[in-house]
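Computed from the coordinates by the stated procedures, all read-outs in this text should not be read as laboratory data. The shown structure was predicted, so the numbers you read here are calculated from the model rather than taken from an experiment. Ideal geometry is used to build each Cβ from the backbone, glycine not excepted, and the neighbour counts take in all protein chains shown.
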Amino acid sequence: MRDKQIRADMILRQLSKRHVGRLKTPNDIFLTNVKNGRSWDNGNLLIMDALAIRKSWKKPCFTGYEVKVDRGDFLRDQKWPGYLQYCHEFYFACPMGLIRPEELPNEVGLIYYNPEKDCISTKRKALYRPVEISWELLMYLVMTRINGDSQHPFFSSRREYFEALVKDKAERKKLGIYVAREVGGYIKELQDEKRKIESELNWARPKIENYNAISKVLLKHGISLYRDSNEIAEVLDKALTGSLNPAIVKKIEELTDLANRLQQMVSTANKPGGTE
């Protein structure tokens, strides 16, 4: 839905797919809410929204991510340049157009999130910088993250997780109401069409019975109604002239016209896309 609120966890989930689950290369390590060292006694504590670590001895790569879903938050953020010393590549990830490439240094990459397709695309690739990863960051990873990520990896706290859960449930309910309304309208249209067809059939049923009865009599005398209408009229005119009341002839002509109309209705119903 177009008015769906974009949350940071939506973007983080797509970033994780960028590094995990690939077929041709081993999975990277993908962690969220990564600190640059211990929490206590740390006057320079930084927390990256996500960090991906490539499993490579030849060319290891630590890729840092900062997720922004609010323009004001991006403009106020003064701490993100400090992340650059802790990763070889650094990206901002945000909804499409929230941050422009020219607003970032050339070495910083930019990833756009498309809420309509729930996917990400690289707007600008980050430059690889051969920085030496700090001992404090490596110790933090070993001491606190070696056993995997937290229970709610795409959220910075349990409160944020439950808030997103409530919002998602409300959006699903709203979507369900919308779908139910649309389906209900479609069902009503089908019911109206069904009643219309039933009414037309009720009107035509006795006339069809009359047509079948007269058709049998005419067929007995060698006159078939399954011909071109002009041909039928000519045959009837020759067969009945001078031997039947004109009113009867007129009635037969009316039935012949009705037969043609019914045949057209049947043909239309049997065409692809016609009413069944």
Label-point separation (nm) for Lys251 and Ala233, each offset 7 Å from Cα along Cα-to-Cβ? 2.1 nm
For the stretch 38-111 and the stretch 186-216, write down the distance between their C-alpha centroids in whole Å. 70 Å
Based on Cβ point charges of +1 for Lys and Arg and -1 for Asp and Glu, what charge dipole magnitude is obtained for the stretch 1-129 about its Cα centre, in debye rounded to the nearest 20? 580 debye
Could you work out how much longer the chain between Ser199 and Trp135 gets when fully extended? Use 0.36 nm per residue separation minus the Cα distance between them, nm to one decimal. 14.7 nm
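Using the per-residue mean of other Cβ atoms lying within 10 Å as a proxy for protection, in what order, highest first, do the peptides 50-63, 80-93 fall?
80-93, 50-63
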Assuming R0 = 22 Å, what is the FRET efficiency of Thr144 and Trp57, from their Cβ-Cβ distance, to the nearest 0.05? 0.40
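Calculate the FRET efficiency for Cys119 and Asp41 from the Cβ-Cβ distance with a Förster distance of 35 Å, rounded to the nearest 0.05.
Numbers: r = 42 Å, r/R0 = 1.19.
With R0 = 35 Å, the Cβ-Cβ based efficiency is 0.25.
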Peptides ranked, highest mean first, by Cβ atoms within 10 Å: ranges 109-115, 213-219: 109-115, 213-219
Distance check, please: which entries in Lys17/Lys58; Lys207/Lys238; Lys58/Lys125; Lys68/Lys123; Lys55/Lys123 exceed 18 angstrom between their Cα atoms? Lys17/Lys58; Lys207/Lys238; Lys58/Lys125; Lys55/Lys123
Förster radius 25 Å - calculated FRET efficiency between Tyr128 and Gln5 (Cβ-Cβ, nearest 0.05): 0.15
Could you list which residues have their amide H under 5 Å from that of Phe90, counting only those 5 or more apart in sequence or on another chain, with H placed in the peptide plane? Gly64, Gly109, Leu127
Give me the net charge for the shell around Gly109: Cβ to Cβ below 12 angstrom, other residues only, Lys and Arg +1, Asp and Glu -1. +2
Using each residue's phi in the stretch 121-131, evaluate 6.51 cos²θ - 1.76 cosθ + 1.60 at θ = phi - 60° and report the 3J(HN,Hα) Karplus result to the nearest Hz, with x for Gly and Pro. 9, 7, 7, 8, 6, 6, 7, 7, 10, x, 7
For Asn106 and Ala180, extending 7 Å from Cα along the Cα-Cβ vector and measuring point to point gives, in nm, a value of 5.8 nm
